[in-house]
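Student: Submitted below is the structure of interest, expressed as structure tokens.
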Amino acid sequence: MTFKVLLFIYRKPSISVDEFKHLYETSHISSVRSLVGDLFPISHTRNYIAEEGRPSSIQYDALTEMLFQDRASFEIFSAKLMEGENGAKIGQDCEQFMDTQKTSMVVVSDVKTTSRNDSG
């Protein structure tokens, strides 16, 4: 069974939405990949929140989904990301575009999907 983690990412207030997306897509993803190599998640999906029609209760700027083979794979990835100088490097990278004080993470324990063609 796979293991999914959701991250609620808040943009650093001093940068634009476009700059936030650019730094996340270019600098951050390449940094993470270079630091963890083959331990990178099965998938790392960034969902950027649209400004138009955004409810005031939604303050985060991106909802990120990371999918791993299992919990152990996530734990190995996390340990590798934080080991030695990696932790400082990734911390500096995040500080460029994220409000790290607000950003949070949850583990998804149960995923249910209903498709259009499902009967019911």
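Student: Tell me which residues, restricted to the stretch 40-98, are surrounded by 15 or more Cβ atoms within 10 Å (Cβ to Cβ), acidic (Asp, Glu) and not in a helix (DSSP H, G or I).
Tutor: Selection gives Asp61, Glu65.
Student: Name the residues in the stretch 102-120 that are free of Cβ contacts under 8 Å to residues at least 24 places away in the same chain and either on the phi < 0 side of the Ramachandran plot or in contact with a Pro (Cβ under 8 Å, 6 or more places away or on another chain) (or both), would you?
Tutor: Hits for the stretch 102-120 are Ser109, Asp110, Lys112, Thr113, Thr114, Ser115, Arg116, Asn117, Asp118, Ser119.
Student: Output the number of residues of the stretch 22-50 satisfying the condition of being in contact with a strand residue (DSSP E or B) (Cβ under 6 Å, 6 or more places away or on another chain) and either of a type in the set (D, E, K, R) or at pLDDT below 95 (or both).
Tutor: So the answer is 1.
Student: Moving on to the next point. Only residues that are in contact with a helix residue (DSSP H, G or I) (Cβ under 9 Å, 6 or more places away or on another chain), under 16 Å from Gln92 (Cβ atoms) and not in a helix (DSSP H, G or I): list them for the stretch 4-32, please.
Tutor: Lys12, Ile15
Student: Which one of these does Lys102 not meet: (1) within 18 Å of the chain's Cα centre (by Cα); (2) within 26 Å of Leu39 (Cβ to Cβ); (3) of a type outside the set (Val, Ile, Thr)?
Tutor: For Lys102, the failing item is (2).
The values are calculated or read from the model by the stated rules, or taken from the named source; none is laboratory data. Values in this document were obtained by computation on a predicted structure and should not be read as measured data. Every residue, glycine among them, receives a Cβ derived from its backbone with ideal geometry; neighbour counts consider all protein chains shown.
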